[in-house]
Amino acid sequence: MRLLAIESTCDETAAALVEGDRSGIKALSNVVASSATLQAKYGGVVPEVAAREQIRSIVPVVEEAIGDTDLSSIDGIAVSYGPGLVGSLLVGIETAKALSWTWNKPLFKVDHMFGHVAANWIINRPLFTPPPLPSITLTISGGHTDIHLIDKNFNLKWIGGTLDDAVGEAFDKVARILDLPYPGGPSIQSVVEKYGDAKINKILPRPMIGDDSLRMSFSGLKAAVLRQTNSEIKYNKAEIAADFNKAVAEILKKKIKTAIEENKPKAVLIAGGVAANKMIRGVLQTIETETGVDIRLPDLKYCGDNAVMIGAAAILKPDKITHLRLKPESNLSLE
Ligand code: KG4
Ligand code: ZN
């Protein structure tokens, strides 16, 4: 199946042509326009600004993704319909509906968070094998930090996650406390890379790491960063940033190891913008040697928001809808 996929949940406008089946999905094109640099001057995403940028970018991005592909070779259109910012979502959804209507091709709706998970089915090496199922997923993004069971039919069941801030949100807020630019994840990572992993001091707590449940909490960690920056003992920005990144990696590792013990999955599928973090990738990969469970990570370009993952999700689990009825969902959960 070959699909045109559209993603417009937040500050990225993305379109892609994808082709494949449950054994793996190939990206034929992948176009992403981001308003992140524009948002940086406000220190975060301003929904109205994001929606306006979506309107400016959507047509050129879709045109570039299609290129000179013969329209008759496209079997349908996939679009993410939430969770996300309503103004941004409307742009992608209405575009997808219009194309489905005029081309007379089916429209598939995709939950954005399942899209992140589906990035693990994008073919990224010659001997690619699809992730074995049943498995567990760890989605770490700007708005979510969740662990799910995923069965052979791609149904997800929530088994754990954050009680407060999402990991990406904590990265963004800690960056703001440390006076580093938005988006916080990449800017914290570049400070940490310059600092180096070897000499990280344990400055911050690891909230709920000793708790045997799959619950997590990151708002206390963020508050601890704030206390350190105001404290008498002065650690520099890089020391705090590095230990924050390490604390997050250690907490995620502990929770995933607990989830593995309890659920005996075949693999752990990691997904979402924070899965691009170098230290987190490295720490989570050590679980494979320690437990023998396959640890899957999408390529860096498929961790953050993109449309290839949305097309992949629609191929794995097609959810065909009557296009005139599709509405944006700003607060969808996978449960
Ligand atoms: O998945 P995503 O692109 O959008 C959402 O669905 O939320 O995730 C965005 C989040 C932001 O909070 C951003 O700071 C974080 O992912 N992020 C990172 C890195 N790159 C992006 N966090 C840590 N390290 C990174 N390298
Ligand atoms: Zn996302």
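Which ones in region 42-69 are among the acidic types (Asp, Glu) and under 15 Å from Leu99 (Cβ atoms)? If the condition is that a residue be among the acidic types (Asp, Glu) and under 15 Å from Leu99 (Cβ atoms), then Glu63, Glu64 are the ones that fit. Looking only at residues in region 313-331 that are assigned to a helix (DSSP H, G or I) and either more than 21 Å from Lys97 (Cβ to Cβ) or touching a Ser or Thr at 6+ places or on another chain (Cβ under 9 Å) (or both), the one that is modelled with the lowest pLDDT is His323.
Residues are listed down the side, and each one gets a yes or a no for (1) open to solvent by 60 Å² or more (accessible area, probe 1.4 Å); (2) of a type in the set (A, V, I, L, M, F, W, C):
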| residue | (1), (2) |
| --- | --- |
| Pro126 | yes, no |
| Thr129 | yes, no |
| Thr139 | no, no |
| Asp172 | no, no |
| Ile177 | no, yes |
| Val192 | no, yes |
| Ile200 | no, yes |
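Lys317 meets the stated requirement of being closer than 26 Å to Ala27 by Cα and away from ligand 2 (no atom under 16 Å from the Cβ). Filtering Ile159, Ile147, Ile140, Ile122 for residues that are in contact with a Pro (Cβ under 8 Å, 6 or more places away or on another chain) and of a type in the set (A, V, I, L, M, F, W, C) leaves a single hit, Ile122. Once region 223-249 is narrowed to residues that are at pLDDT 95 or above and of a type in the set (D, E, K, R), the residue that is least open to solvent (accessible area, probe 1.4 Å) is Asp243. Residue count for region 150-170, restricted to those that are away from ligand 2 (no atom under 16 Å from the Cβ) and open to solvent by 50 Å² or more (accessible area, probe 1.4 Å): 8. So, Thr145, is that one hydroxyl-bearing (Ser, Thr, Tyr) and open to solvent by less than 30 Å² (accessible area, probe 1.4 Å) or not? Judged against the criteria, Thr145 is a match. Of all residue pairs spaced 6 or more apart or on separate chains, those with beta-carbon atoms under 9 Å, a first member in region 288-307 that is over 17 Å from Pro186 (Cβ atoms) and away from ligand 2 (no atom under 15 Å from the Cβ) and a second member that is open to solvent by less than 50 Å² (accessible area, probe 1.4 Å) and part of a loop (DSSP other than H, G, I, E, B) are Val293/Pro265; Asp294/Pro131; Asp294/Pro132; Asp294/Pro265; Arg296/Pro131. Taking first residues from region 262-274 that are away from ligand 1 (no atom under 16 Å from the Cβ) and partners that are of a type in the set (Lys, Arg) and modelled with pLDDT of 95 or more, the Cβ contacts under 9 Å between residues at least 6 apart in sequence or on separate chains come to Ala267/Arg296; Val268/Arg296. Among the residues of region 26-62, those identified as in a strand (DSSP E or B) and hydrophobic (A, V, I, L, M, F, W, C) are Ala27, Leu28, Val31, Val32, Ala33.
Taking the criterion of being on the phi > 0 side of the Ramachandran plot and open to solvent by less than 10 Å² (accessible area, probe 1.4 Å), the only residue of region 1-46 that qualifies is Gly24. One residue stands out in region 276-296 among those that are open to solvent by less than 50 Å² (accessible area, probe 1.4 Å) and not β-branched (Val, Ile, Thr): the one that is nearest to Trp121 (Cα to Cα), namely Arg296.
The values are calculated or read from the model by the stated rules, or taken from the named source; none is laboratory data. All of these numbers come straight from a predicted model, not from anything done at the bench. Don't worry about glycine lacking a Cβ; one is built from the backbone with ideal geometry, like all the others, and counts go over all protein chains shown. Note: accessible area is taken over every heavy atom of the protein model, side chains too, but ligands, DNA and RNA are not part of it. Shrake-Rupley method; radii C 1.70, N 1.55, O 1.52, S 1.80 Å.
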